[in-house]
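Report on one structure; see the data block that follows.
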Amino acid sequence: MSKSTALFFIDIQENMLSTPDSWWVPERIQPQFLANAKAVLERARELGLPIYHVQHASTNPDDIDAEGKPGWQLHFPPGSGERVLGKTVKNVFESNPGLGAELRERGIKRVLTCGLQSEMCVRAASLAALQEDGIEEVVLLHGAHATMEDPDDGKKAEEISADVEKELEQAGVKVVPFDAEWGVAAFIMSSIPKLKRKSNEDPNAPSDTTQPRDHLEVMGGKVASKFADPCAHAAKASMACLESHSYDRQKRKNNADIFKFALVPNSPSFIKCQEAFQNYRDCKKAWVLQRRKDRAEGREGAFD
């Protein structure tokens with residue numbers, strides 16, 4: 001994922017989470033929301049993405065989220081270099097007139113949105129980002145935005161969030177599982193061409209010397225098989241899992257196959273595919289580590 005993607009981490013503040021007089025209480029927040037939001041933030045930091053923490057402040061000094069009050073504080077402290085955008089209305093772009101220009105200057109073309117509340121500030125930020133020049137795609141991270149139940153009509157929080165997702169999709173926002181941006185689904189998307197090639201290879205046949213071999217077994221410090229390629233087995237298993245489940249295939253202008261990950265997170269099928277792809281990744285990692293070791297010990301020729 002390139003630096004042209006920015007994360008908008010919206011209104012995850014103490015007034016909605018832990019302050020004594022909050023009308024939000026932990027058991028009313030959608031299950032797993034905070035854990036998912038934390039995972040999103042941590043992964044965005046690992047990838048070095050530009051991160052914008054959006055922080056709402058009430059204009060009423062007596063409100064629990066008035067600037068400076070305990071409830072106004074961000075639940076996840078911003079890291080070094082991460083921007084904090086204050087606002088007093090739902091739409092962060094309205095409170096920050098120069099935000100669109102800043103995104104263009106930084107080369108941001110893709111915006112990820114998550115946070116609180118689904119039907120209010122998350123919705124407003126997503127729709128506003130769509131209207132900004134230079135923004136080519138807005139992605140709402142399913143599972144990493146939340147709200148509370150509506151006491152007037154009894155609508156559950158999950159239903160409200162789902163309605164918002166439908167509305168935003170119709171408006172042009174892409175809705176994806178929060179971990180599809182960098183979890184197993186993202187790995188599937190980025191690995192399709194390589195997996196196709198590897199799954200069609202004979203694991204016992206000599207590898208193409210014009211391309212690096214994925215893995216070489218080493219036993220007792222000696223190369224057990226110079227041409228063996230165990231990663232081909234892992235690639236084949238991964239492709240089998242991929243093709244056995246529900247994926248939508250589309251064609252882009254360059255005719256590349258694009259697969260839409262359609263497994264339900266944490267379902268048995270999801271876990272099975274996750275294990276298959278993890279095996280492939282482990283195999284790749286083993287090859288890289290062994291290759292570094294051999295180079296350090298002056299045995300590079302044995303691998304080329």
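Can you confirm whether region 121-131 contains a residue that is of a type in the set (Gly, Ala, Ser), under 25 Å from residue 52 (Cα atoms) and at pLDDT below 90? No, that holds for no residue. For region 115-126, a residue qualifies if it is touching a helix residue (DSSP H, G or I) at 6+ places or on another chain (Cβ under 6 Å) and of a type in the set (A, V, I, L, M, F, W, C), and the qualifying residues are 116, 125. Among the residues of region 92-114, the one identified as among the hydroxyl-bearing types (Ser, Thr, Tyr) and within 23 Å of the chain's Cα centre (by Cα) is 113. In region 70-91, the condition of being over 26 Å from the mean Cα position of the chain (by Cα) and crowded, with 18+ Cβ neighbours inside 10 Å is met by at least one residue. Determine, yes or no, whether residue 105 is of a type in the set (D, E, K, R), in the same structural domain as residue 10 (by TED's automatic domain parsing) and within 18 Å of residue 10 (Cα to Cα). When the stated conditions are applied, residue 105 does not pass them. Counting residues in region 141-148 that are over 17 Å from residue 33 (Cα atoms) and touching a helix residue (DSSP H, G or I) at 6+ places or on another chain (Cβ under 7 Å) gives zero.
Just so you know, in region 120-144 the residues that are outside any helix (DSSP H, G or I) and in contact (Cβ under 8 Å) with a residue 60 or more places away in the chain include one that is nearest to the chain's Cα centre (by Cα), and it is 141.
The values are calculated or read from the model by the stated rules, or taken from the named source; none is laboratory data. As the structure is a computational prediction, the values presented were derived from the model and not from experiment. Neighbour counts are summed over all protein chains in view; Cβ atoms, including those assigned to glycine, are modelled from backbone coordinates with ideal geometry.
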